[in-house]
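The block underneath contains the structure these notes are about, expressed in C-alpha cells.
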Amino acid sequence: MARALRILAGLMGWACVAIGLFHLALGNAAIPGAGSAGATVDSWGRFMGASFVGYGLAWLWAARQRPIPAWTVRWLAGVFLLGGAGRLISLAVHGWPQWFQTALAVIELSLPLVFFWLADAEERALRNNEESLSAVDERA
C-alpha cells in the first residue's frame with residue numbers, strides 16, 4: 001500500500017501540474033462550454049490554473065518525502081474533496097454542467113477517499129519495519 005500511495009501521489013501531482021498549465025495557457029478554451037465566457041472568466045480561469053500548478057507541486061513535494069507525511073496527504077486530499085463539494089453546490093444552484101465536469105466531480109469526490117485510506121501507508125510500513133528490527137535485536 002505504501003508503493004500505491006507513492007505512485008498515486010506522484011500521478012496526482014503531475015496531473016495537476018499538467019491540467020494547471022493547460023488552463024494557464026488556454027484560458028476559457030480549456031473549459032468545455034466556456035469558450036465565450038469573456039475576459040473576467042478567462043482571467044479567473046488562468047489564475048486558478050496557476051494555483052492548480054502550485055497544488056500539483058505540493059503533491060509532488062509530498063511524493064518525494066521519505067516517508068510521505070500522512071498529514072500532508074490528508075490536507076491535500078481534503079482540498080481536492082472541497083473542490084468536489086464546490087461542484088455539488090454548483091449542481092444544486094445551477095443544475096447539471098457539461099458532462100466532463102460531472103465526470104470530474106465524481107473523481108474529486110471519490111479519489112480523496114482513496115487518499116484518506118492510504119495516507120499513513122508509508123509511515124505505517126516504516127513503523128512496522130522498525131518494530132520488526134527491534135524484535136530481532138531483542139532476540140539476539
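The values are calculated or read from the model by the stated rules, or taken from the named source; none is laboratory data. Computed from a predicted structure; not experimentally measured. Cβ placement follows ideal geometry from the backbone for every residue including glycine, while neighbour counts extend to all protein chains displayed. In case anyone asks, the SASA skips ligands and DNA or RNA and just uses the protein heavy atoms, side chains included. Shrake-Rupley method; radii C 1.70, N 1.55, O 1.52, S 1.80 Å.
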Quick one: would you say residue 107 is open to solvent by 40 Å² or more (accessible area, probe 1.4 Å), closer than 16 Å to residue 11 by Cα and part of a helix (DSSP H, G or I)?
yes
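Yes/no matrix, rows are residues, columns are (1) closer than 25 Å to residue 98 by Cα; (2) within 11 Å of the chain's Cα centre (by Cα); (3) open to solvent by 60 Å² or more (accessible area, probe 1.4 Å):
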{"residue": "19", "(1), (2), (3)": "yes, no, yes"}
{"residue": "23", "(1), (2), (3)": "yes, no, no"}
{"residue": "30", "(1), (2), (3)": "yes, no, no"}
{"residue": "38", "(1), (2), (3)": "yes, no, no"}
{"residue": "61", "(1), (2), (3)": "no, no, yes"}
{"residue": "68", "(1), (2), (3)": "no, no, no"}
{"residue": "73", "(1), (2), (3)": "no, yes, no"}
{"residue": "80", "(1), (2), (3)": "yes, yes, no"}
{"residue": "86", "(1), (2), (3)": "yes, no, no"}
Which one of these does residue 99 not meet: (1) within 20 Å of residue 23 (Cβ to Cβ); (2) surrounded by 15 or more Cβ atoms within 10 Å (Cβ to Cβ)?
(2)
